[in-house]
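Read-outs: derived from the displayed coordinates by stated rules, not from any lab. This structure is a prediction, so every number in the text was calculated from the model and none was measured. Here the Cβ positions follow ideal geometry from the backbone for every residue, glycine too, while neighbour counts run over all protein chains shown.
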Amino acid sequence: MTRGRSTFVIALSGGVASGKSEVAKIFRGLLVPVFDADVIARDVVRPNQPALAEIVAAFGDAALTPSGELDRIRMRQQIFDDAIARQRLEAIIHPRVRSELFKAVVGCREPYCLLVIPLLAEVRADYDFVDRVLVTDVSPEVQIARLMQRELCGVDEASRMIVAQAPRDERLALADDVIDNDGDASAVTPVVEHLHRLYLRLGAAEIAASAI
């Protein structure tokens with residue numbers, strides 16, 4: 001735990017369609033403060049925000065909808081197969097998301113909090129204030145099946161979505177804890193409850209140690 005903080009920080013990550021949202025929902029039900037990078041990322045690109053102006057400067061007015069909001073569908077299509085464009089967009093959004101997450105951590109007074117960071121494997125070095133990493137994991141077969149059902153797409157498109165993210169083994173290499181999410185959703189709840197008890201103990205121990 002970094003000096004100046006009073007909460008233990010868990011980062012929740014995982015590949016697309018690996019069940020992060022459901023896991024985060026269970027933690028919320030246990031009254032754990034949960035801060036979601038995707039929610040913050042949407043907030044920082046709202047109209048009149050500096051990030052949106054930077055995106056327009058980098059990508060042109062085509063990045064906007066007729067109503068002046070970020071055209072998420074167009075931007076997603078533009079960066080999907082263009083690594084340079086994706087890096088340019090991430091360079092605008094990611095530092096702001098990290099800053100807002102850090103502010104949330106500093107203001108938290110619970111034994112621990114959860115940061116939902118889907119792309120943690122890509123930006124782990126930027127999150128030195130994270131104390132422990134929890135990864136939701138599914139097999140590629142399950143991941144593809146869930147994506148096809150969720151996105152109403154074919155196997156090729158689902159596979160491309162998976163390949164666009166960090167490899168599964170890189171995410172697992174970062175993990176202190178792993179939730180196997182291949183099975184029924186009901187099996188996840190007792191796993192989260194066990195981790196919750198563990199994190200409460202770890203958080204209490206770290207807070208006590210930092211006070212010495």
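At full extension, Ser159 and Ala209 could sit 13.4 nm farther apart than now, given 0.36 nm per residue minus the alpha carbon distance.
Using C-alpha pairs below 8 Å separated by at least 6 residues, the relative contact order for segment 21-138 is 37 percent. Which one, (1) 51; (2) 44; (3) 39, gives percent of Cα pairs over 25 Å apart as derived from the coordinates shown? Comparing each candidate, only (2) matches the computed number. For the chain, the mean residue ellipticity at 222 nm estimated from helices alone is -17000 deg cm²/dmol, where every DSSP H run of n ≥ 4 contributes -39500 (n - 2.57) and the total is divided by all residues, rounded to the nearest 500.
Inter-label distance, Arg109 to Asp176: 2.4 nm, where each label sits 7 Å from its Cα along the C-beta direction. Bridge orientation summary for the chain: considering DSSP beta bridges with both residues in this region, about 5 percent are antiparallel. Ranking Ser159, Ala185, His94 by Cα position along the charge dipole of the chain, where only Lys, Arg, Asp and Glu carry charges on their C-beta atoms, puts His94 farthest toward the positive end. The phi-based Karplus calculation (6.51 cos²θ - 1.76 cosθ + 1.60; θ = phi - 60°) puts the 3J(HN,Hα) values of segment 125-131 at 4, 7, 10, 6, 8, 7, 8 Hz, whole numbers, x for Gly and Pro.
For the chain, modelled as a GNM whose springs connect Cα atoms under 10 angstrom apart, the maximal fluctuation among Ile79, Ile144, Ile162 occurs at Ile79.
Taking each residue as 0.36 nm, the span from Ala57 to Ala125 lengthens on full extension beyond its C-alpha to C-alpha distance by 21.7 nm. If only the Cβ of Lys and Arg carry +1 and only the Cβ of Asp and Glu carry -1, the dipole of the chain around its Cα centre is close to 660 debye.
Across the chain, Cα pairs under 8 Å and at least six residues apart give a relative contact order of 37 percent.
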